[in-house]
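S.K.: Below are the structure tokens for one structure; questions will follow.
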Amino acid sequence: MKKISTFRLRSAGFTLIELMITVAIIGILAAVALPSYNEYIQRSHRANARNTLIQAGQWMERAATSTGSYPTGTNIPSGILTVEGGRYTVAATVSTASTYTFTATRATGTGQASDICGDFRIDQANRRTILNNSAGTTPADCWGR
């Protein structure tokens, strides 16, 4: 006679409770990590815009040193006014032979459009300002040291 075993085989796999706990943990981690990641990406694009403005200002100073006045907007090479990544557009305003302003404006439809620092501006006196920024945000917060 065969002996009948009352031993129950445990099925391999996960229970629904275990899966739900895992999903909840992943959701909590994503809720914390995603805003931090977005802020990190915005900061990196912000740095690209600032660097482009500073380099454009340096180019203007070199041009003024060799010619005696700042070049007009049409004489500024377009490569000088291009921000890597396309999250900002840069415009040059040359008011007189001795004044200029570069403005980096956030591109609409990008993640940068909601950046708290807004748009950046630099002029011939190296005055660094921000425009269209969130309340409480200062130029020192956005331009750095």
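Here, each number is a calculation from the coordinates, and none is a lab measurement. Since the model is a prediction, treat every value here as computed from it, not as a measurement. Heads up, the Cβs are rebuilt from the backbone with ideal geometry, glycines too, and the neighbour counts pull from every protein chain shown.
S.K.: In the neighborhood of Y70, defined by Cβ-to-Cβ distances under 14 Å, what is the net charge if each Lys or Arg adds +1 and each Asp or Glu adds -1?
M.R.: -1
S.K.: Sort 29-37, 69-77 by packing, meaning the average of other beta carbons within 10 Å per residue, with the highest value first.
M.R.: Descending packing order for the listed peptides: 69-77, 29-37.
S.K.: Spelling out what I want: for every residue of the range 135-141, take phi, set θ = phi - 60°, compute 6.51 cos²θ - 1.76 cosθ + 1.60 (Karplus), and round to whole Hz; glycine and proline get x.
M.R.: 4, x, 8, 10, x, 5, 5
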